[in-house]
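Report on the structure given below.
Any read-out appearing in this document is the output of simple, stated calculations on the displayed coordinates, not a laboratory observation. Because the structure is predicted, anything quoted here is derived from the model rather than measured. FYI the Cβ positions are ideal-geometry reconstructions off the backbone, even for glycines, and counts take in every protein chain you see.
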Amino acid sequence: MTHYELHMPVSEAQVRQLRINDTVTLHDTLYGIRDATQIHMFDHGRTTRFDLKGHAVIHTAPNVKWVGETKEHPSGYAPICIGTTTSARMERFTRPLMEQYGVRIIIGKGGLFAASAKAFSDLGGVYLAIIGGTAALETTWIEQIEEVDLDDLNPESLWKFRIRGFGPLLVAMDSHGGSLYTAVNAAAKDKRAGVLAALGVKS
Amino acid sequence: MKVDLKQVEEACKELYVRALKMLPPDIKQGFQRLDRAETNATGKAILGTMIRNITVAEENTNLLCQDTGIPIYNVVIGANVAVDGHALKQAIVSGCTRATKEHPLRSSVVHPTTRKNEHTSGGRHVPVINIDFSADAEQLSIEMIPKGSGSENNSWLKMAIPADGVDAIKTFVIDCVLEAGGKSCPPVIVGVGVGGTADLCVHLSKVAATRPLGSQCADPEGARLESELSKVVNQLGVGAQGLGGDSTAFAVHVETAATHITMNPVAVNMQCHSARRARATFTPQGVEYGY
C-alpha cells in the first residue's frame, strides 16, 4: 500500500504503477462527467473542445451558482456542492473515454465491472474510489470551476475543475486486473448460505 | 386550526434546504454505533470520512451530498385542521421550486423520456406529495425527504407466492442487499415492504427505508422480522461503500400490510447513509422544525 501525489495529466507508466489498495491524491485539473454528458458524446456524436488526454474524470453533476464570469470564477459558475454519483450506470463509456479521449483515471463510487476492468488492463487506466455522500468535504478540495463545455446539459455538463489535494482516494480497480469490488462481492456471495441458515430459511 | 398557506410555502422551501444540510440525530448515532463495531480497516477509514463530512457540512452550512434527490413531502393533517387541499399542494410545489431557485440547488428532476430539466426540482407528479390524516386535532405535519438516486436505483419488487412463505421474503431481502453492493452508498437502511398490493408494497418499502433509526414496525410480526434481518445483514461483509467490512446497513426496517390470499409480495427500497429528512410541525402556536 503506497500513497501517490499525482499532478494531472499523467502518463501510462504513472497509472500502471498503481495497485489496488494504494491511495492517490490528485492535483491541478479534474474533469466532471455524467450520464447525459457521455450519452451525448458517445451516442449522439457530440464532441468536446477539452483535451482529456492523460486526465482524470469524476462521475459528478455539481450544485453550482451562476455568478457571471470573473477572475475568481472564469467559467461564470461558483461551486456550491460537488460530489460523486454511482458509477455503475456509466460502465459502457469507460472504453470509449479511454480510446477516443485518452482518459487515464476514472473517479467514482460503487465501482465498475468487467468491461471497464478489461479497458483499464488493455489501455492503462485505473478506477479510484471516492466516498459517496461526502460532498461537503469533497467541495473543499475544489478551488474553482475553470471552464464548462456542453453546458446545455447542465447540470450534466462537462466541467473542468481546478483542484488542490483532491483525496486521498483508494485505488479500487487497477490496470493489472485487480478489483476490490470483485473480491468483496465474491466473499459476500460466499456468506449468503450461512446468513440464510441463520435466518432459519430452509434450503 | 386554520392553516396559513404562505407559512406552508415558506416552510416547504426551508425544509428542502434543512434536509440537505443537517443529518438527523438518530442517523448520527447510527454512525457512532457502526464505527464502534467496525473491524475492517478500510471500513473504519470510510466511516471516519463520512462522520467528518457531517461536521464539514454543518461548519460550512453546505449540502451533505450533491444529490438533491427527488423531493418527497409527507403531509399529515390533524382532525381539526381546516385547509384547502388543492392550495396546500400548490404551496408545497411552490416552496420546493423556490428552494431550488433561491438557494440555488441542483435540480435533479427531468422528464422521463425527453430528459428535459425544468430546473425547478419538479415536473409531472413531482415533488411527490403523500397525504395522510391523524387524530392530533390541532396539528399539521410536513416531512421532507430528498431521496437520492444512488439508493433509489436499488429498488425491487417480487410477487412471491404463499407457498414460498416468509422464507421467500427473507431470501429476497438478502439477495437485494447483495445485488445492491456498493451502488446504494452503504451503510444503508434496508427498507422492506411486505404484503398489500404491488404499489402499496413498494410504497411501504420506502416508508420503512426513511423511518428514523431506533423506530419499530407497529405490527409485532413486522418488528420480529426486522429484528431478525438486522441481526444478520452485516454478516454479509459488503461493508461501507461496498468495499468490505461490517457496516453494510444501519438496520433493516419492515412495514407490513394485509394482502390477498393468493399473494406474498415483498419490496425492497434502500436509503443511503445520507439518510436525510426534515420536519415542520404547524400548531396554533406556530411552526416548529425538527426531524
Subject >> Candidates B:V75, B:V110, B:V188, ranked by Gaussian network fluctuation over chain B, Cα under 10 Å, top entry >> reply: B:V110
**OP:** State to the nearest 20 debye the size of the charge dipole of chain A about its Cα centre, where the only charges are +1 on K and R beta carbons and -1 on D and E beta carbons.
**Re:** 820
**OP:** Assign one of three labels to the protein assembly as shown, namely rounded, prolate or oblate, based on the Cα gyration tensor with a ≥ b ≥ c the square roots of its eigenvalues; rounded applies when a/c is under 1.5, prolate when it is not and a/b is larger than b/c, and oblate otherwise.
**Re:** oblate
Subject >> Rounded to whole Hz, the Karplus (6.51, -1.76, 1.60) HN-Hα couplings of the stretch B:3-16, x for glycine and proline >> reply: 8, 8, 6, 4, 5, 5, 4, 4, 5, 5, 5, 4, 4, 4
**OP:** Residues in the stretch B:46-76, backbone N under 15 Å from the label point at B:S134 (7 Å along the Cα-to-beta-carbon vector): list them, ranges by number please.
**Re:** B:74-76
Subject >> Listed residues B:T68, A:V103, B:A208: farthest to the positive end of the dipole of the protein assembly as shown (Cβ charges) >> reply: A:V103
Original post:
What is the set of long-range amide H partners of A:L30 at a cut-off below 5 Å, with H atoms built 1.01 Å from backbone N?
Top reply: A:F161, A:I163
Original post:
Quick one: Cα centre-to-centre distance for the stretch B:203-218 and the stretch B:219-267, in angstrom?
Top reply: 11
Subject >> Amide H contacts of A:I107 (H built 1.01 Å from N, under 5 Å, at least 5 apart or other chain) >> reply: A:V57, A:I58, A:H59, A:L128
Original post:
Considering every residue in B:154-164, what mean count of other chain Cβ atoms within 10 Å of its Cβ is obtained?
Top reply: 0
Original post:
Hey, in chain B, which Cys have no second cysteine's beta-carbon closer than 4.7 Å?
Top reply: B:C12, B:C65, B:C96, B:C176, B:C201, B:C217
Subject >> In Hz, Karplus ³J(HN,Hα) per residue of the stretch B:62-67 (6.51, -1.76, 1.60; θ = phi - 60°; x = Gly, Pro) >> reply: 10, 6, 5, 9, 6, 7
Subject >> ³J(HN,Hα) computed for each position of the stretch A:3-17 - Karplus, 6.51 cos²θ - 1.76 cosθ + 1.60, integer Hz, glycine/proline x >> reply: 9, 10, 9, 10, 9, 7, x, 10, 9, 4, 4, 5, 6, 5, 6
Subject >> Within straight-line cross-link reach of B:K116, lysines at Cα separation under 20 Å, skipping those fewer than 8 residues along the same chain >> reply: A:K65, B:K101, B:K147
Original post:
Using +1 on the beta carbon of Lys and Arg, -1 on that of Asp and Glu, and nothing else charged, what's the dipole of the protein assembly as shown about the Cα centre, debye to 20?
Top reply: 480
Original post:
Does the stretch A:3-198 come out rounded, prolate or oblate, given a ≥ b ≥ c as the square roots of the eigenvalues of its C-alpha gyration tensor, rounded meaning a/c under 1.5 and, failing that, prolate meaning a/b above b/c?
Top reply: prolate
Subject >> Interchain or long-range residues, amide H under 5 Å from A:G76's placed H >> reply: A:T70
Original post:
Roughly how many whole Å is it from the C-alpha centroid of the stretch B:1-67 to that of the stretch A:101-129?
Top reply: 31
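Mind checking the mean number of beta-carbon atoms from other chains within 10 Å of the Cβ atoms in A:102-114?
Counting other chains' Cβ atoms within 10 Å and averaging over A:102-114 gives 2.
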Subject >> Ranked list, fewest to most other Cβ atoms within 10 Å of each Cβ, for A:S11, B:S205, B:S227, A:S175 >> reply: A:S11, B:S227, A:S175, B:S205
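If each residue's Cβ is checked for other Cβ atoms within 10 Å, how do A:D190, B:D136 rank with the fewest at the top?
Ascending Cβ contact count within 10 Å gives the list A:D190, B:D136.
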Subject >> Set of aspartates and glutamates with alpha-carbon distance to A:K53 below 12 Å, sequence-local pairs under 8 removed >> reply: A:E12, A:E99
Subject >> Separation between Cα centres of the stretch A:1-67 and the stretch B:72-96, rounded to whole Å >> reply: 44
**OP:** Mind sorting B:T68, A:T86, B:T114 by how few other Cβ atoms lie within 10 Å of their own Cβ, fewest first?
**Re:** B:T114, A:T86, B:T68
Original post:
Averaged across the residues of B:201-207, what count of C-beta atoms belonging to other chains lies within 10 Å of each residue's C-beta?
Top reply: 0
Subject >> chain B, dipole about Cα centre (Lys/Arg Cβ +1, Asp/Glu Cβ -1), debye to the nearest 20 >> reply: 760
